[in-house]
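**Student:** One structure, pasted below without further comment.
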Amino acid sequence: MSPDWEAIRRRIDERGFAVAPAMLDAGTCAAIAAGYADDGLYRSRVVMRRHSFGEGEYKYFSYPLPAPVQRLRESVYPELAPLANLWAERLGWDSRFPAAHADYLEQCHAAGQTRPTPLVLSYGPGDYNRLHQDLYGDLHFPVQMAVLLTDPAEFEGGEFVLTETQARKQNRAEVISLRQGDAVLFAVNQRPVASKNGYSRVTMRHGVSTVRSGHRRTLGVIFHDAR
Ligand SMILES: O=C(O)CCC(=O)C(=O)O
Ligand SMILES: [Fe+2]
């Protein structure tokens, strides 16, 4: 069953995030999670404590990406590009996003953002991910995706958290429940919200609450590449 992209785009536009159920099957989730041990698949490993990002670690894939990750990245991008273009217009950005991911990557690469950004994150008991934004250069695609690879029965805590900050308002937080293989799609940085005279900006951040027990792995799919 393919997701209802029209409804997903509307939901991301209204609230800054949406859940797309069952984007990867359990076997693919398990295979990607198990692949975390294979350093040959990755260009770098980040120990979060060293950068005050939290506790836990993650690894960025090298190119070529594993087939299911490549397929997911290139098949989801065109569903999000119309929304990205709507936001670009409302936020007064000059740039527009091409319909195909390969063409967008060419723009990133021409701007010196050549390193792949899809990653696998790995958390154990006590680990967490501080609220952040995945910006890696001048260019960014305004929506990204994270897929829960682990069956949530295998860990406690470790919830995906989103916050939004808006001028003259207190911050709002959302905790997003995911099943294995579900994706959360969310604003990377800013999104437009209708205001009295046009649109104003809401700034979003994401992170993960502390894992109380068990282990949790996630696949992060960011559509821009990194400098
Ligand atoms: O582990 C998570 O759910 C958060 C992942 C994340 O920060 C990302 O994919 O950019
Ligand atoms: Fe992130």
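The values are calculated or read from the model by the stated rules, or taken from the named source; none is laboratory data. The structure presented is a predicted model; accordingly, all values stated were derived computationally and were not measured. Cβ sites come from the backbone with ideal geometry, for glycine too, and all protein chains shown count toward neighbours. For the accessible areas, the whole protein counts, side chains as well, though only heavy atoms, and no ligand, DNA or RNA atoms are used. Shrake-Rupley method; radii C 1.70, N 1.55, O 1.52, S 1.80 Å.
**Student:** Below 14 angstrom from the Cβ of Pro68, what's the summed charge of the other residues (Lys, Arg +1; Asp, Glu -1)? Please report the intermediate quantities before stating the final value.
**Tutor:** Working: positive: Arg71, Arg73; negative: Asp25, Glu74.
Around Pro68, the surrounding residues sum to 0.
**Student:** Also: What order do you get for 9-22, 97-110 when each peptide is scored by the mean count of other beta carbon atoms within 10 Å, highest first?
**Tutor:** 9-22, 97-110
**Student:** Which of these, Ser95, Ser213, Ser62, has the largest mean-square fluctuation under a Gaussian network model of the chain (Cα springs below 10 Å)?
**Tutor:** Maximum fluctuation in the GNM of the chain, among the listed residues, is at Ser95.
**Student:** Something else: Looking at the calculated P(r) for the chain, what percent of the C-alpha pair distances fall above 27 Å? Display every interim value, and only then the final one.
**Tutor:** Working: 7692 of 25651 pairs.
Summing the P(r) of the chain above 27 Å gives 30 percent of all pairs.
**Student:** Along each of its three principal axes, how wide is the spread of alpha-carbon positions in segment 171-223, in whole angstrom units, largest first?
**Tutor:** Here the Cα extents, ordered largest to smallest, are 48, 25, 15 Å.
**Student:** Turning to a different aspect of this structure: Using a cut-off of 12 Å between beta-carbons, work out the net charge of the residues near Thr210 (Lys and Arg +1, Asp and Glu -1, Thr210 not included). Walk me through the numbers before you get to the answer.
**Tutor:** Values: positive: Arg130, Arg212, Arg216; negative: Glu55, Asp127, Glu156, Glu159.
Residues close to Thr210 contribute a combined charge of -1.
**Student:** Over segment 80-227, what relative contact order in percent results from Cα pairs under 8 Å that are six or more residues apart?
**Tutor:** Worked out over segment 80-227, it gives 39 percent.
**Student:** Nearest 5 is fine: what % of DSSP beta bridges in the chain come out antiparallel, could you say? Present the calculation step by step, with values, prior to reporting the outcome.
**Tutor:** Working: 53 of 53 bridges.
Roughly 100 percent of the beta bridges in the chain run antiparallel, per DSSP.
**Student:** Still on this structure: For the chain, what is the accessible area per residue in Å², given a 1.4 Å probe and the full set of protein chains?
**Tutor:** 47 Å²
**Student:** When the helices in the chain are scored as -39500 (n - 2.57) per DSSP H run of 4 or longer and the sum is shared across all residues, what 222 nm value do you end up with, to the nearest 500 deg cm²/dmol? The partial results should precede the final answer.
**Tutor:** Numbers: 4 runs with 54 residues, N = 227.
One gets -7500 deg cm²/dmol as the mean residue ellipticity at 222 nm.
**Student:** To test your reading of the geometry: what angle, between 0 and 90 degrees and rounded to tens, separates the Cα axis of helix 67-90 from the longest principal axis of the chain?
**Tutor:** 20 degrees
**Student:** Stokes-Einstein diffusion coefficient for segment 83-151 at 4 °C in a medium of 1.567 mPa s, Rh from the Kirkwood formula over Cα pairs: what value in µm²/s?
**Tutor:** Numbers: Rh = 14.6 Å.
The calculation lands on 89 µm²/s.
**Student:** For an R0 of 25 angstrom, estimate the FRET efficiency from the Cβ-Cβ distance between Ala173 and Ser62 and round to the nearest 0.05.
**Tutor:** Approximately 0.15, to the nearest 0.05.
**Student:** If you don't mind, there's one more thing I want to ask. Rounding to the nearest 10 and keeping the result within 0 to 90°, find how far the Cα-based axis of helix 101-110 lies from the longest principal axis of the chain.
**Tutor:** Value to nearest ten degrees: 90.
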